[in-house]
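Worksheet: the structure to be examined is printed underneath.
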Amino acid sequence: MRKGLLEFHEYVKDLSTSDVVMQMDNFIQHGDITTLEHVLAVTYTTYILSKKMHADVRSAVRGAMLHDLYLYDWHIKDPATRPPLTHGFTHPAKAAENAQKYFEPTAKEVRIIRSHMWPLTVFHIPTSKEALIVTIADKYCAINETLGIYDDSAFRKKIKAYMVFIKKIKAQSNK
Ligand SMILES: [Fe+2]
Ligand SMILES: [Fe+2]
């Protein structure tokens, strides 16, 4: 594993190797990209940006890691199990709720999760440099994923390598 990824791992390892975060690999975000892969792409982008911008790297990446922890597939067509049609507006609250249920995020990290869809969620304005970084990283990654720019990128290979790495750790801890 490359040095950059190992340093990144140090900030999030308890989260990225947890059962709850791993559950996000069962849900599709865009195309063939799972929510876990999207979240890791956003978190790594956040890591790079927050270092460059001399932000609080730890709060930023931990908030990013939990930003889409809503734990359902928003593409489901079955009305009985379908999430609300207002997914774009409601999922930050659900993600924040799950983050607090399963982990112990700081108040700042919770605000990062709540404001990541801003300006869609008008009343949840990013109130820190770190929250602003996550909302930008999320939009940047979502656009790259939707337009197919992410598909064959070197960045995706890096994210995939990290996914193999955490799954290996997980498999070993389950032995
Ligand atoms: Fe989101
Ligand atoms: Fe996202």
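Every read-out reported here was derived from the displayed coordinates using simple, explicitly stated rules and does not represent laboratory data. This is a predicted model, so every value here is computed, not measured. Positions of Cβ are generated from backbone atoms using ideal geometry, with glycine treated the same way; all protein chains shown enter the neighbour counts.
Look at the dipole of the chain built from charges on Cβ: of 76, 89, 17, the Cα furthest out on the positive end belongs to 17. Ordering of 48-57, 136-145 by packing is 136-145, 48-57, highest average first (other Cβ atoms within 10 Å, averaged per residue). The calculated P(r) of segment 1-40, using every Cα pair and 10 Å bins from 0, goes 29, 46, 25 in percent.
The distance between label points at residue 125 and residue 149 comes to 2.8 nm (points 7 Å beyond Cα on the Cα→Cβ vector).
Close amide H partners of residue 29, meaning residues 5 or more places away or on another chain with modelled amide H under 5 Å apart, are 34, 35. Binning the C-alpha pair distances of the chain at 10 Å intervals from 0 yields a P(r) profile of 10, 40, 39, 10, 1 %, listed from the shortest bin outward. Each of 27, 123, 155, 8 was scored by other Cβ atoms within 10 Å of its Cβ. Listed from fewest to most, they are 123, 155, 27, 8.
Based solely on its DSSP helices, what 222 nm [θ] is calculated for the chain when runs of n ≥ 4 H residues each add -39,500 (n - 2.57) and the sum is averaged over all residues, nearest 500 deg cm²/dmol? Calculated at 222 nm, the ellipticity per residue is -19500 deg cm²/dmol. Computed from phi, the 3J(HN,Hα) profile of segment 153-165 under the Karplus parametrisation 6.51, -1.76, 1.60 (θ = phi - 60°) reads 7, 5, 4, 4, 4, 5, 5, 4, 4, 5, 5, 4, 4 Hz, with x in place of Gly and Pro. Calculated from the alpha-carbon coordinates, segment 79-152 shows an Rg and a Dmax of 13.7, 40 Å respectively.
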